[in-house]
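Asks: Below are the C-alpha cells for one structure; questions will follow.
Each value in this text was obtained by applying a stated rule to the coordinates, not by laboratory testing. Source: prediction; values computed, not measured. Backbone-built Cβ (ideal geometry, glycine too); neighbour counts: all protein chains shown.
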Amino acid sequence: MGGRVLSPRAGARRNGIQRRRSIAVIALFSIGLVSPAAPAQTAEAPQWKVGYKWTFQSVSGLPPVTGTWQREVIESLPDGKFTVQMENGNKLTFDGETNSLDSRGPEYSWKRFDFPLRLGKEWTHERKLDAYGRETATWKVRAYESVTVPAGTFDCFRVDGVVWQTRNYMMYAPTTSHEDYTYWYCPEVKWVARWKGHRRAYSGAPYVDSESVLTSFVGDR
C-alpha cells in the first residue's frame with residue numbers, strides 16, 4: 001500500500017516542527033544539558049625510558065601495616081624489555097606491556113596488562129605457580145575515570161580482575177586462594193596510580209585488604 005499523502009499545509013507544518021526540535025536540541029548542547037557521546041578511549045602500551053621512577057605508599061595485612069615501595073627503570077633490554085630496580089635494590093625484568101616476568105620462564109609469568117586498553121576489553125591468562133599449583137586470572141576494563149592520589153589527579157582506566165590459585169599436593173587436600181584485584185592505569189604517569197586487592201589465602205581464611213597509591217612519578221608527561 002502507498003503511504004499517506006500530506007497536503008502542502010500539513011507538510012509545511014511538519015517541517016516547521018522538525019526545525020524547532022533541531023533548534024531545541026542544539027540549544028541544549030550549547031548550555032550543557034545534553035552532552036554528545038564521548039569519544040572511545042584507548043591506551044597504547046607506554047614507552048618506558050631509563051630513569052622513570054614510581055613511588056607508592058601501601059597498607060595491607062591484619063592488622064594493617066603501612067609501607068613504601070618503588071620501581072625504577074634502570075636499563076633498556078632487547079625485545080622491548082626493561083630492567084627495573086626495586087626499593088631494596090633487587091632487580092626485575094618487565095616486558096613491553098609493563099608486566100613483570102618470572103625468571104623461571106614465560107609459563108610462570110602473569111599478564112595483568114594487555115594493551116591496547118579500551119572500555120569493555122576482557123582477557124584471561126593462566127600460568128604455573130610451581131610443580132603443584134596453577135593460577136587463572138580474568139581481567140576487564142570497566143571504566144575510564146578520574147583518580148586522585150597523593151601524586152595528583154589523573155584520568156585512568158580502571159581494570160578489575162579475579163584471580164584464583166589452586167595447589168594440589170599429593171599428601172594433602174587441594175588449597176584454593178581467591179583475590180579480587182583492581183588497578184587504575186593512567187597514561188599520564190606511564191603506569192598505575194592505584195592498586196587495590198581483597199584476598200583470601202585459602203578456603204575459610206579471612207579476607208585481607210591491600211592498597212597502594214602513587215605518591216610520586218619521576219619522568220616526562
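Asks: Per residue of the stretch 76-91, in order, report the coupling 6.51 cos²θ - 1.76 cosθ + 1.60 (Karplus, θ = phi - 60°) as ³J(HN,Hα) in whole Hz, putting x for Gly and Pro.
Replies: So the Karplus estimates, Gly and Pro as x, are 9, 10, x, 6, x, 8, 9, 8, 10, 9, 8, 5, 8, x, 5, 10 Hz.
Asks: Tell me whether the stretch 37-85 comes out rounded, prolate or oblate; compute the Cα gyration tensor, take square roots of the eigenvalues as a ≥ b ≥ c, and use a/c under 1.5 as the rounded threshold. Please list the in-between numbers first.
Replies: Details: a/c = 3.15, a/b = 1.23, b/c = 2.57.
In terms of gyration-tensor shape, oblate.
Asks: Using amide H atoms built 1.01 Å from N in the peptide plane, name the residues 5+ places from Cys156, or on other chains, whose amide H lies under 5 Å from its own.
Replies: Counting only residues 5 or more places away or on other chains, the set is Glu145, Ser146, Val147.
Asks: With a 10 Å Cβ neighbour count serving as the proxy for reagent exposure, in which order, fewest first, do Met86, Met171 appear? Can you show the working numbers first?
Replies: On the way: Met86 12, Met171 4.
Starting with the residue having the fewest Cβ neighbours, the order is Met171, Met86.
Asks: Sticking with the crude label model, points 7 Å out along Cα→Cβ, report the distance from Ser100 to Tyr172 in nm, one decimal please.
Replies: The answer from the label model is 2.3 nm.
Asks: Rounded, prolate or oblate: which fits the stretch 54-122, taking a ≥ b ≥ c as square roots of the Cα gyration tensor eigenvalues, rounded meaning a/c under 1.5, else prolate when a/b beats b/c? Could the numbers behind the result be given before it?
Replies: Values: a/c = 1.84, a/b = 1.25, b/c = 1.47.
Oblate shape, in that a/c is at least 1.5 and b/c is the bigger or equal ratio.
Asks: Would you order Tyr185, Tyr202 from fewest to most other beta-carbon atoms within 10 Å of each residue's own beta-carbon? Don't skip to the end; give the middle numbers.
Replies: Details: Tyr185 24, Tyr202 12.
Fewest to most other Cβ atoms nearby, the residues stand as Tyr202, Tyr185.
Asks: Computed over the Cα atoms of the stretch 42-218, what is the convex hull's projected area averaged over all directions, in nm²? Working shown, then result.
Replies: On the way: hull surface 43.2 nm².
Hull-based average projected area comes out at 10.8 nm².
Asks: Structure shown: which of Lys53/Lys91; Lys128/Lys190; Lys81/Lys128; Lys53/Lys196; Lys49/Lys140 lie over 25 Å apart, alpha-carbon to alpha-carbon?
Replies: Working: Lys53/Lys91 14 Å; Lys128/Lys190 28 Å; Lys81/Lys128 21 Å; Lys53/Lys196 20 Å; Lys49/Lys140 27 Å.
Checking Cα-Cα distances, Lys128/Lys190; Lys49/Lys140 exceed 25 Å.
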